[in-house]
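K.L.:
One structure, pasted below without further comment.
The values are calculated or read from the model by the stated rules, or taken from the named source; none is laboratory data. The structure displayed is predicted, hence computed values, not measured ones. Here the Cβ positions follow ideal geometry from the backbone for every residue, glycine too, while neighbour counts run over all protein chains shown. What goes into the accessible areas is simple: the full protein's heavy atoms, side chains included, and nothing from ligands, DNA or RNA. Shrake-Rupley method; radii C 1.70, N 1.55, O 1.52, S 1.80 Å.
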Amino acid sequence: GGAGTSGVLQFQTGQATAGSSGSIDLTTGNAAGTNAASGNIVASIGTASNSVGGTVQFTGGLSSSATGGHVSLRSGASTATSSGEVVIRTPDAGSSGVSGALMFTTGASSAGSSGSITMATGTAVNGEGGSVILSVGDTTNGAVGSGIVATAGASSSATGGMISMRSAVGNAKSS
């Protein structure tokens, strides 16, 4: 309304006391015909004119006795050409402020190893394998440029972690 909060939409399945709870599926139909694309699923937040913008949050299920649920983002496959892209980015900053950060962090573990972060490209059969590029944006206002920091894990009772960089082996030409 003019002075208040708009209504809430809730989609939830019921609880199960002896079995799995139900699923919620959001699916668009198939498309047929020349240049006919299948439909999109759009999740977007409304504009906040005088406060912080809302959050889009995806959370896997909690488990009290087994592994928690997964959150999976995957692009569409193609049987004829390229598979789709997965793009994760923050928009440009406004007239004042900084652009948003991207954080990839695994949780801590009190009884075992913490999770890994893997960045890898797929194998190419008839071409070059994809690149992994770490790039820092330019600084144009006379300030010092930002760097790339790689830090291995410390250990309180054994040897600290190592950082290893190596080129790959080549069969016909030098690595």
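K.L.:
Given the structure, is residue 159 open to solvent by 100 Å² or more (accessible area, probe 1.4 Å) and either modelled with pLDDT of 95 or more or on the phi > 0 side of the Ramachandran plot (or both)?
P.N.:
Working: open to solvent by 100 Å² or more (accessible area, probe 1.4 Å): yes; either modelled with pLDDT of 95 or more or on the phi > 0 side of the Ramachandran plot (or both): yes.
Considered against the rule, which asks whether it is open to solvent by 100 Å² or more (accessible area, probe 1.4 Å) and either modelled with pLDDT of 95 or more or on the phi > 0 side of the Ramachandran plot (or both), residue 159 comes out as yes.
Conditions tested, residue by residue: (1) among the hydroxyl-bearing types (Ser, Thr, Tyr); (2) surrounded by 10 or more Cβ atoms within 10 Å (Cβ to Cβ); (3) in contact with a His (Cβ under 8 Å, 6 or more places away or on another chain); (4) within 18 Å of residue 77 (Cα to Cα).
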position: 3; (1), (2), (3), (4): no, no, no, no
position: 7; (1), (2), (3), (4): no, no, no, no
position: 11; (1), (2), (3), (4): no, no, no, no
position: 24; (1), (2), (3), (4): no, no, no, no
position: 32; (1), (2), (3), (4): no, no, no, yes
position: 35; (1), (2), (3), (4): no, no, no, yes
position: 41; (1), (2), (3), (4): no, no, no, yes
position: 44; (1), (2), (3), (4): yes, no, no, no
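K.L.:
Scan segment 118-125 and tell me whether some residue there is part of a loop (DSSP other than H, G, I, E, B), under 19 Å from the mean Cα position of the chain (by Cα) and hydrophobic (A, V, I, L, M, F, W, C). Working first, answer last.
P.N.:
Applying the first criterion (part of a loop (DSSP other than H, G, I, E, B)) to segment 118-125 yields 118-125.
Next, only the ones that are under 19 Å from the mean Cα position of the chain (by Cα) stay: 118-122.
Now drop any that are not hydrophobic (A, V, I, L, M, F, W, C), which leaves 119-120.
The answer is yes, given that some residue of segment 118-125 is part of a loop (DSSP other than H, G, I, E, B), under 19 Å from the mean Cα position of the chain (by Cα) and hydrophobic (A, V, I, L, M, F, W, C).
K.L.:
While we're here: Filter segment 98-134 for residues that are polar (S, T, N, Q) and exposed (fewer than 10 other Cβ atoms within 10 Å of the Cβ) and give the result. Before the answer, list the steps.
P.N.:
Within segment 98-134, the subset polar (S, T, N, Q) is 99, 105-106, 109-110, 113-114, 116, 118, 121, 123, 126, 131.
Residues satisfying the conditions are 105, 109, 110, 113, 116, 118, 123, 126, 131.
K.L.:
Also: Within segment 110-117, is there a residue that is more than 30 Å from residue 30 (Cα to Cα), aliphatic (A, V, I, L, M) and assigned to a loop (DSSP other than H, G, I, E, B)? Give the steps one after another, and end with the answer.
P.N.:
Of segment 110-117, the ones more than 30 Å from residue 30 (Cα to Cα) are 110-117.
Still in the list and also aliphatic (A, V, I, L, M): 111, 117.
If we keep only those that are assigned to a loop (DSSP other than H, G, I, E, B) as well, we get 111, 117.
So far as segment 110-117 goes, yes, one or more of its residues are more than 30 Å from residue 30 (Cα to Cα), aliphatic (A, V, I, L, M) and assigned to a loop (DSSP other than H, G, I, E, B).
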